[in-house]
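The values are calculated or read from the model by the stated rules, or taken from the named source; none is laboratory data. Just so it is clear, the model here is predicted, and its values are computed rather than measured. Here the Cβ positions follow ideal geometry from the backbone for every residue, glycine too, while neighbour counts run over all protein chains shown. Ligands, DNA and RNA are excluded from the accessible area calculation, which covers all protein heavy atoms including side chains. Shrake-Rupley method; radii C 1.70, N 1.55, O 1.52, S 1.80 Å.
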Amino acid sequence: MKNYFNLFFIACVLFLSSCSDESINPVSSTDIQSNAKEHLCLDAIVPEDLLENPKLTTHGALLKSKKWENGQTITIKFLNGNAFLQNKVKQFANQWMQYANLKFVYVNANQSADIRINFDNSGGSWSYLGTDSKRIDQSKPSMNFGWFNNSTPDTEFSRTVIHEFGHALGLIHEHQNPAANIQWNKAKVYSYYGGAPNYWTTAQVDNNIINKYSSTVTNYSSFDSQSIMLYSFPASLTLNGWSSGWNTALSATDKNFISQEYPKSKPSAELRNLYRYNINAQHFYTSNFAELGNRYYEGVLGKVYSQQVSNTLPIYRYFNSINGDRLSTLNWNELKGGGQGGWRYEGITGYAYQSAQPNTIPVYRYYKGGNRPDHFYTINSSEVAGGKYGYQAEGIAFYVVR
Ligand SMILES: [Zn+2]
């Protein structure tokens, strides 16, 4: 993972429609869609990092390693541009702030800044991803706008500024979301982007269009065809007639997603009962009464938290699909993600203490083998003590609130 943090560089290049004589970008000429501007953002990845970590080329929604700290103040400055352009950028960039728990503070040109904005009509529009903006030289821009002038319409400011600031918050292109499932007509995609005005190589098309990010390096929501981070794709590039239009504003999912990634307030932790059930001599534990209701119900061990609080750890829950045993443990390394010997990871039951705290009570763990093995948890140290019913003591599993 060496040098992983600064591998990605996003360059977004505008292509003007064929109705225009102007070529803003050196590679711009005509566009297949008439009367439409095509704004394409090209990911450039440091070549040695590609060799070292080829999986990173399979691209998501937000790169976890490039996230800002929640609640952080991000400083921004303009390297050039007139007051009109600067104010338009501020106006649309600030839309993210309605949903993300981040603060944008604009500083003077002589101060250092996390994000440095440049207006250069020869360079397309692009932004470094998330905290990568801090990692490049202070004298260099971390974001460029390549096609703005004093007569640019607000829809274009909206589309481009919100999109580039999405990258600056760590978001990648929506069509490369791990959850995207676009049925590409690959031959058409290669020829479309391989021709004028893009002239992308097969590898560039793979990196910028077809490959998805790995789900392990990204946080992501389900694919969103309305996302500000999605390219416009004509139906001719897909096998099933799917297409996407120009998205010029934050979608409902964009708003929801960024507010989850940078939450304004954490959901407060509440205490929930930890219920015990006995399903034909195999026991089951849950903090959600609705899961089994009154059937098989045996009682309450104590309370666990719904969110992690100081000194607590998650109770990982597992089910053995071969023998019906169930395990609850604070130790992830015990079974990890499951997969061995029929064990299946089912999620977090709640959060409990690893050591005694005021107003807590130990939960003892026992195990019984045989055809119907059972991990058994009790707050009553004599319930199955001394080998009763074949149970062997395994120590204290965790501490629950009384
Ligand atoms: Zn982009």
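General remarks:
- Per residue, the accessible area of region 271-401 comes to 50 Å² when a 1.4 Å probe rolls over the protein heavy atoms.
- Backbone amide hydrogens, once placed in the peptide plane, bring GLU394 within less than 5 Å of ARG365, TYR366, TYR367, excluding anything fewer than 5 places away on its chain.
- Paramagnetic reach from LYS140 in region 78-96 [backbone N under 18 Å; point 7 Å along Cα→Cβ]: 78-80
- P(r) histogram, all alpha-carbon pairs of region 103-219 included - 10 Å bins from 0, percent: 12, 33, 37, 16, 3
- Estimated distance in nm for a label pair at ALA196 and ASN371, the labels positioned 7 Å out from Cα along Cα-to-Cβ: 7.8
- Per-residue ³J(HN,Hα) for region 154-165, Karplus 6.51 cos²θ - 1.76 cosθ + 1.60, θ = phi - 60°, Hz, x for Gly and Pro: 4, 4, 6, 4, 4, 4, 7, 5, 5, 4, 5, 5
- Simple label model, 7 Å out from Cα along Cβ direction - LEU271 to ASN311, nm: 1.4
- When a 1.4 Å probe is rolled over the protein heavy atoms, the share of accessible surface on region 207-364 that falls to carbon and sulfur comes to 45 percent.
- Cα shape, region 271-401, gyration tensor, a/c 1.5 rule: rounded
- Counting 0.36 nm for each residue step from LYS388 to MET97 and taking away their Cα separation leaves a gain of 98.7 nm.
- In the structure shown, the pairs LYS66/LYS140; LYS64/LYS188; LYS77/LYS134; LYS186/LYS212; LYS64/LYS88; LYS67/LYS186 are assessed against 23 Å; a Cα-Cα span above that value is assigned to LYS64/LYS188; LYS64/LYS88; LYS67/LYS186.
- Once the 1.4 Å probe is applied to the protein heavy atoms, region 118-257 comes out at 36 Å² accessible per residue.
- Bins of 10 Å from zero: percent of alpha-carbon pairs in region 192-316: 10, 23, 22, 17, 16, 11, 2, 0
- HN-Hα J in Hz across region 109-119 - Karplus 6.51, -1.76, 1.60, θ = phi - 60°, x for Gly and Pro: 4, 8, 9, 7, 8, 5, 10, 10, 9, 10, 10
- Dimensionless Rg over Rh [region 299-339; C-alpha; Kirkwood]: 1.02
- Cα-derived Rg over Rh, computed across region 362-402 with Rh taken as Kirkwood radius: 0.98
- Rg(Cα)/(2.2 N^0.38 Å) for region 319-394, N = residue count: 1.19
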